[in-house]
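Worksheet: one structure, shown below.
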Amino acid sequence: MRSKNSRIQVIILFLLILANFIAQIPYYFHLYYNPNNLLAQAKGGLLMLFVFVVFLLASTLLFKRRALGYWLMVMFLAVEFLFYVWNTLGEVMHGYGLFFHLNNPDLLLRAVFAIGYVNLFASGYFLGLLLLKRARFLDSQGREKPLTKYSG
């Protein structure tokens, strides 16, 4: 990435999304875990693992300034952002109010929902950043250096 500022922002994005993935583990066990139906449990876990691997691959390749990493991250962020927007609009349309999950009396659920809402804004911001500043994320280090008469 061309600027230190962009790199720091991408690191923050990585940490926020990583926190969201980590938060899904206690959330899942708190609400959905059923030891009587392990096959159904594995299906959801495998899907989450696949999404996490895509995120890690996108992040790694983006840090290496590879085009595939850029496009994988754009795709990941678009899906995440649209998921949270759809969920938030659904809350409002069904009369629950904006960010009603934050009123949940269960501290664990409130924390997980707060992390999710932070990811709503972070994914939207970084999706916009990636799309608007594409050259910063795709230019190679070699192109940043001025060409000289004696460069090989």
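Every condition in (1) farther than 30 Å from residue 132 by Cα; (2) out of contact with any Leu (no Cβ under 6 Å at 6 or more places or on another chain); (3) assigned to a helix (DSSP H, G or I) is met by residue 30 except one, and the failing one is (2).
For the range 37-44, the count of residues that are over 20 Å from the mean Cα position of the chain (by Cα) and either outside any helix (DSSP H, G or I) or polar (S, T, N, Q) (or both) is at least one. Taken together, 143, 136 contain a single residue that is buried (at least 17 other Cβ atoms within 10 Å of the Cβ) and modelled with pLDDT under 90, which is 136. Total residues in the range 44-61 satisfying the condition of being at pLDDT below 90 and surrounded by 11 or more Cβ atoms within 10 Å (Cβ to Cβ): the figure is 3.
Among residues of the range 84-101 that are among the charged types (D, E, K, R), those with a Cβ under 8 angstrom from a residue that is part of a loop (DSSP other than H, G, I, E, B), sequence gap 6+ or separate chain, pair up as 91/97; 91/98; 91/99. If we keep just the residues of the range 102-119 that are without any contact (Cβ under 8 Å) to a residue 40 or more places away in the chain and in a helix (DSSP H, G or I), which is surrounded by the most Cβ atoms within 10 Å (Cβ to Cβ)? Only one residue tops the list, namely 113.
The values are calculated or read from the model by the stated rules, or taken from the named source; none is laboratory data. None of the values given here were measured: they were computed from a predicted structure. Note that we place each Cβ from the backbone using ideal geometry, even for glycine, and neighbour counts take in every protein chain shown.
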